[in-house]
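Presented below is the structure to which this report refers.
We did not get these values from a lab; they are worked out from the coordinates using the rules stated. Because the structure is a prediction, the values reported are computed rather than measured. Please note: Cβ atoms are built from the backbone with ideal geometry, for glycine as well, and neighbour counts cover all protein chains shown.
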Ligand SMILES: [Zn+2]
């Protein structure tokens, strides 16, 4: 735990189904769903990063 210096969280939305969730942004630019293997049920999610460095407390 506490090993997230190089990773950033962001809110992201799937352009296909509209699912909104939290993703992890890696230094190499890749995006990974946070806490789940798949962001949504789409075969190939078209993730759009909405906001970086958001406050998790404000997210439901
Ligand atoms: Zn989707």
### Summary
Full extension between residue 24 and residue 6 adds, at 0.36 nm per residue less the Cα distance, a length in nm of 5.5 nm
### Message
At a 10 angstrom cut-off on C-beta neighbours, averaged per residue, how do the peptides 21-27, 9-15, 40-46 rank from highest to lowest?
### Response
9-15, 21-27, 40-46
